[in-house]
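To keep things clear, I will list the structure first and then write my remarks on it.
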Amino acid sequence: MYDNRVLIAGGGPVGAVTGLRLAQLGIPVTVFDQLDEPAEDHRAATLQPSTLDLFKPLGVIDRVLEQGLESRMFQWRDRATQEIVAEFDYARLAGETEYPYVIQLEQHRTVYAALEAAKKHSLFTIHRPVEVISVEQDAEGVEAKVRHADGKTEVHRGRYLMGCDGGRSIVRKATGVSFEGFTWPERFNIVTTTYDFSQLGFRLRNYCAHPQRWVSFMKVPGEDNKGLWRCVFPAKTEESDEEVMSDAWIHARFAECLSSGGPYEVIHRNMYNVHQRVAGNFRNGRIILAGDAAHINNPIGGMGMNSGFQDGLNAAEKLAEIWNGADPESLLDRYDRQRRLTAIEYVQAQSIANKRMLEERDPAARKANLDNLRAIAADPDKHLDFVRRSSLIAMLEKSRTIQ
């Protein structure tokens, strides 16, 4: 017999928020996560205005706002000249969102906020540390085989299963769904420092273009709420992992792009490969993919996690309709159309464009790109359109129009 519940593989930000929403909608849900507690991996930390709007009915918005940093403006700079090319202002979204700003908050703190709210619901269950090692489905339901830390395995059964288990998703691989795209040739090194870049005129979010050594800076609260800065540096393909992770390499990058001589206290560094990929389908029968299991992208612009929230909450609403007797095939097919198309059109297209604008080497093309940013920032209508896309408000609206 299959349990009358939804199973979720992955208890990260998308899995936790989706599980919370399902429980609120009256659907029993079981979440499986491999880790003892949410991962503090120093990656996603941007909550876009569209996400804050979605969070309000979940009962987590106050917790997020009180912990996070409010960031209304973001800068594009030319690192070669130290010029501020353009500033974009989310305040122009007033009237379209209750939250015309970004909240910068480490993703594990968002996960904790969602789990705190979810655990108040008797329909919500989370098992950790538990690894989903295989999934199967038939016409009546799904099975997830899980392995505990002691090696013990067991099988859980439900009506539907959501894969929120990241870019290496076991769920996606089990369905045979493709994951087409490419991997960028360089690696990214995310360096966290206590140095305060705002004293040099930086906003809380900054993108600095350069043909050889672009960089992005953003501020997050830090565990003590005194503030930390995350710096994304690209590594050249000929530079070894050991070299890129060294103090000498990191301090050379700071020296290249900052007028101050430091000192720069480095408290964390994390190097990883960067991919742009989209699943061939976001649902296969009773199995639904969301977040990084469905699409991954480079972090420039803060779009990946936020689009994942849109995936998960969209799926939760459709599952609630199915629980109330609606036709599952038409609804889940619509989920696939809504979320896959917009992942390609907005997240993939914009994140790729952002990175290529940062690293453009051709002098004429580089000048044209930066001139275009200046023109967009100066034109009220174009400025508004730019921040609507950057905030993923345009993506959310487009998704809702797709039948």
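Where a number appears in this text, it was derived from the coordinates with a stated rule and is not lab data. These numbers come from a predicted model, not from an experiment. Glycine also receives a Cβ, built like all others from the backbone with ideal geometry; neighbour counts cover every protein chain displayed.
Structure notes:
- Looking at 173, 152, 145, just one residue is out of contact with any Leu (no Cβ under 7 Å at 6 or more places or on another chain), under 26 Å from residue 273 (Cβ atoms) and either surrounded by fewer than 22 Cβ atoms within 10 Å (Cβ to Cβ) or in contact (Cβ under 8 Å) with a residue 12 or more places away in the chain (or both), and that residue is 173.
- Screening the stretch 306-403 for helices (runs of 4 or more DSSP H) wholly inside it with 3 or more residues that are touching a strand residue (DSSP E or B) at 6+ places or on another chain (Cβ under 7 Å) returns the ranges 328-342, 349-359, 363-378, 380-390.
- Count of the stretch 118-136 residues which are in contact with a Phe, Trp or Tyr (Cβ under 9 Å, 6 or more places away or on another chain) and under 19 Å from residue 28 (Cα atoms): 6
- Scanning the stretch 95-131 for residues that are assigned to a loop (DSSP other than H, G, I, E, B), free of Cβ contacts under 8 Å to residues at least 60 places away in the same chain and either closer than 16 Å to residue 11 by Cα or among the β-branched types (Val, Ile, Thr) (or both) yields one hit, 119.
- Single residue of the stretch 132-142 satisfying the filter (of a type in the set (Val, Ile, Thr) and touching a residue at least 40 places away in the same chain (Cβ under 8 Å)) that is farthest from residue 320 (Cα to Cα): 132
- Residue tally, condition assigned to a helix (DSSP H, G or I) and of a type in the set (A, V, I, L, M, F, W, C), over the stretch 35-62: 5
- Per-region count, the stretch 1-45, residues surrounded by fewer than 21 Cβ atoms within 10 Å (Cβ to Cβ), among the small types (Gly, Ala, Ser) and within 21 Å of residue 172 (Cβ to Cβ): 1
- So residue 303, is it under 25 Å from the mean Cα position of the chain (by Cα), surrounded by fewer than 21 Cβ atoms within 10 Å (Cβ to Cβ) and of a type outside the set (S, T, N, Q): no
- Out of 165, 196, sole residue that is touching a residue at least 24 places away in the same chain (Cβ under 8 Å), surrounded by fewer than 21 Cβ atoms within 10 Å (Cβ to Cβ) and under 30 Å from residue 71 (Cα atoms): 196
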